[in-house]
Every structure is written in structure tokens, then in C-alpha cells.
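What follows is a short report on a single structure.
The values are calculated or read from the model by the stated rules, or taken from the named source; none is laboratory data. Computed from a predicted model, the values in this text were never measured in an experiment. Reconstructed Cβ throughout: ideal geometry from the backbone, glycine too, with neighbour counts over all protein chains shown. Accessible surface is based on the protein model in full, side chains and every heavy atom, while ligands, DNA and RNA are left aside. Shrake-Rupley method; radii C 1.70, N 1.55, O 1.52, S 1.80 Å.
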Amino acid sequence: MTIFPKVKELIKSSGYFLKEIFYHLPDELSALDELLSRNFQKSDHNTATLMFIPEATLKEEEYRITVSETKVTINYQDYHGALYAIVTLIQLM
């Protein structure tokens, strides 16, 4: 599988995520709403299964996608990191 942008590290584990994905965007990522709405449903923060969490320890444009049984979490350093995470997540589906 080829993923763009190129993934620095991919750690695969067993299992899968079966829930429908509902997202809630922080205000600073509102420009990504159109891209997300093509693949997922918008939700309020309390019912979202796709969470966006800023993380200052990541480098510029970096992101981390973590999938558990109940949610998908995207940690991002900046707008481009969040964008690249969304593009990667869509490709993985």
C-alpha cells in the first residue's frame, strides 16, 4: 500500500474499527470541514468518534493517528499535520 504523504512510521496491530465515524473540528481546523464531510459525518464534541488533539511536541506538519475500539484520535502539530492525517486516514479506509 502506498500512502501519500509518505508515512514516517506505521505500527500495525490486530483489530479494526467498526463504528461509523463522526467528527468534531477545533475552530482552528474549520477549513478542513469540507474535506471531512465528504467521508464522515459531523457531530458535536461529546459524540465524536474522530477526535483532533493539538500536540506541541510533534514537529511541524507531523501527526499521529491512533485507532482504538471506540475512537480514532488525530494528534497534530499544525494545520498541515491535521490535513495530512485526514488524507492518510481516508486512504487507509
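Listed values, structure above:
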read-out	value
Selection count where residues are closer than 19 Å to GLN91 by Cα and out of contact with any strand residue (DSSP E or B) (no Cβ under 7 Å at 6 or more places or on another chain), scope region 21-47	7
Region 32-71, residues that are in contact with a helix residue (DSSP H, G or I) (Cβ under 7 Å, 6 or more places away or on another chain) and hydrophobic (A, V, I, L, M, F, W, C)	LEU32, LEU35, LEU36, PHE52, LEU58, ILE65
Region 42-93, residues that are basic (Lys, Arg) and within 14 Å of ILE21 (Cβ to Cβ)	LYS42, LYS71
Hits in region 19-28 - residues which are open to solvent by less than 20 Å² (accessible area, probe 1.4 Å) and either modelled with pLDDT of 90 or more or in a helix (DSSP H, G or I) (or both)	TYR23
